Amino acid sequence: MTMAEKSQKKSQAKSQGKTKQLMAASDFHAKKKWGQNFLLEPKFVEKIIDAADLDKEQIVLEIGPGLGALTRQLAEQAKKVVAVEIDGELVTLLQDILAPYDNVTVHHGDAMKVDLEQLVQSEAAEDGSPVYFSVVANLPYYITTPIVMRLLEQNWHWQKMVLMVQKEVAERMVAPPGGKDYGALSLGVQYRAKASIVTIVPPTVFYPRPQVDSAVVLLENRLEPPVAVDNEKIFFGVIKAAFAQRRKTLLNALGNSGIAEDKEQVQQVLEDCGISCQRRGETLSLEEFAAIANGFTSFA
Ligand code: SAM
């Protein structure tokens, strides 16, 4: 083993020891129900931080700071970190862990319920005009898709997201039409952002270890979506309804979804767009979904 490898191993052991030491010293046990798989390996913390490409002007929203593995690095690199953690026990521990940093606020709450835009703006906006922020998180896997969809659906001021997610969720985010991975998440992500997979992450770098591989994804907000959508609420409603039951044809999926008044209306919108009622959501492009959503918007 070279000197460099030895020193890397030593620093890994130190950091791994720290999380486990912290947990033992505070009698803290990871809670499965909240998807608590803590990141141990500095190399992957670094990859996330590098992808976020922060500087001292930037504001970061972190969802699920846990024991602060990412939070500490974010606090070093960014102007301000606003973190939301559901577990009160961790919020208490974080007060000590993050005591050296005066640019971090930990909010005790559920990221699915808190108005994240308002939280960031109230913590970080200085002159009343909204600030742009980056979202950086090792997300709890049990709610990855709803949290990401929530951030995509709202036209909030996020610029970039760097997220650790399950590998299969990352694959869904970047999937092209036609395959089994393509769905509402792919469309929502690709409508709002340029998406790429930064790296694949093995289970061994977490404690406790998850059952699956993970991946770090980078979503860069396009600010101008690639297709014209008249009403985003209707667009997101259509893509979710089209994939709620994948095997259904568009006519049945949209006809029973509350998007349309009845199946005749669905038929009319699809005919106007030149799209067969018998097609399934997985065969449609982003442009076709935008056209369908705009068709329904004209009835709204
Ligand atoms: N960031 C830490 C790390 O990388 O080691 C912890 C990541 S762990 C995968 C997910 C974190 O999200 C946990 O701290 C968990 O308590 C928190 N969490 C779970 N559900 C949440 C929710 N609905 N809102 C906010 N935080 C949540």
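Worth a mention:
- Flag for LEU90 being farther than 25 Å from VAL198 by Cβ, surrounded by 21 or more Cβ atoms within 10 Å (Cβ to Cβ) and without any contact (Cβ under 8 Å) to a residue 40 or more places away in the chain: no
- Filter result for VAL227 (under 29 Å from GLN36 (Cβ atoms), in contact with a helix residue (DSSP H, G or I) (Cβ under 9 Å, 6 or more places away or on another chain), in contact (Cβ under 8 Å) with a residue 24 or more places away in the chain and not basic (Lys, Arg)): no
- Residues in the range 27-52 that are without any contact (Cβ under 8 Å) to a residue 12 or more places away in the chain and assigned to a loop (DSSP other than H, G, I, E, B) were compared, and the one that is nearest to the ligand (Cβ to nearest atom) is HIS29.
- Residue-level check: of (1) closer than 15 Å to TYR207 by Cβ; (2) modelled with pLDDT under 95; (3) exposed (fewer than 13 other Cβ atoms within 10 Å of the Cβ), ASP27 misses just (1).
- Qualifying residue in the range 64-83 (condition: surrounded by fewer than 14 Cβ atoms within 10 Å (Cβ to Cβ), part of a loop (DSSP other than H, G, I, E, B) and within 15 Å of the ligand (Cβ to nearest atom)): no
- Scanning the range 248-289 for residues that are among the hydrophobic types (A, V, I, L, M, F, W, C), assigned to a helix (DSSP H, G or I), surrounded by 19 or more Cβ atoms within 10 Å (Cβ to Cβ) and out of contact with any Leu (no Cβ under 9 Å at 6 or more places or on another chain) yields one hit, ALA253.
- Given (1) over 22 Å from ALA242 (Cβ atoms); (2) among the small types (Gly, Ala, Ser); (3) touching a Phe, Trp or Tyr at 6+ places or on another chain (Cβ under 9 Å); (4) assigned to a loop (DSSP other than H, G, I, E, B), index of the condition ALA175 fails: (1)
- Every residue from the range 173-182 that is surrounded by fewer than 20 Cβ atoms within 10 Å (Cβ to Cβ) and not β-branched (Val, Ile, Thr): PRO176, PRO177, GLY178, GLY179, LYS180, ASP181
- Of residues in the range 175-192 being aliphatic (A, V, I, L, M) and touching a residue at least 24 places away in the same chain (Cβ under 8 Å), the one nearest to the ligand (Cβ to nearest atom): LEU185
- If you go through the range 161-174 and keep only what is β-branched (Val, Ile, Thr) and away from the ligand (no atom under 16 Å from the Cβ), you end up with just VAL174.
- Any hit, the range 126-133, residues being crowded, with 16+ Cβ neighbours inside 10 Å and within 16 Å of the ligand (Cβ to nearest atom): no
For (1) modelled with pLDDT of 95 or more; (2) not assigned by TED's automatic domain parsing to the domain that holds LYS20, each residue gets a yes or a no:
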site: ALA215; (1), (2): yes, no
site: LEU251; (1), (2): yes, yes
site: ALA260; (1), (2): no, yes
site: LEU270; (1), (2): yes, yes
site: GLY274; (1), (2): yes, yes
site: GLY281; (1), (2): yes, yes
site: LEU286; (1), (2): yes, yes
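- So MET112, is it modelled with pLDDT of 95 or more, in a loop (DSSP other than H, G, I, E, B) and within 15 Å of the ligand (Cβ to nearest atom): yes
Condition check ((1) among the hydroxyl-bearing types (Ser, Thr, Tyr); (2) more than 13 Å from the chain's Cα centre (by Cα)) across all residues:
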| residue | (1), (2) |
| --- | --- |
| GLU123 | no, yes |
| VAL131 | no, yes |
| THR145 | yes, no |
| MET149 | no, no |
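The values are calculated or read from the model by the stated rules, or taken from the named source; none is laboratory data. Because the structure is predicted, anything quoted here is derived from the model rather than measured. Counting neighbours? That spans all protein chains shown, and the Cβs are built from the backbone with ideal geometry, glycine included.
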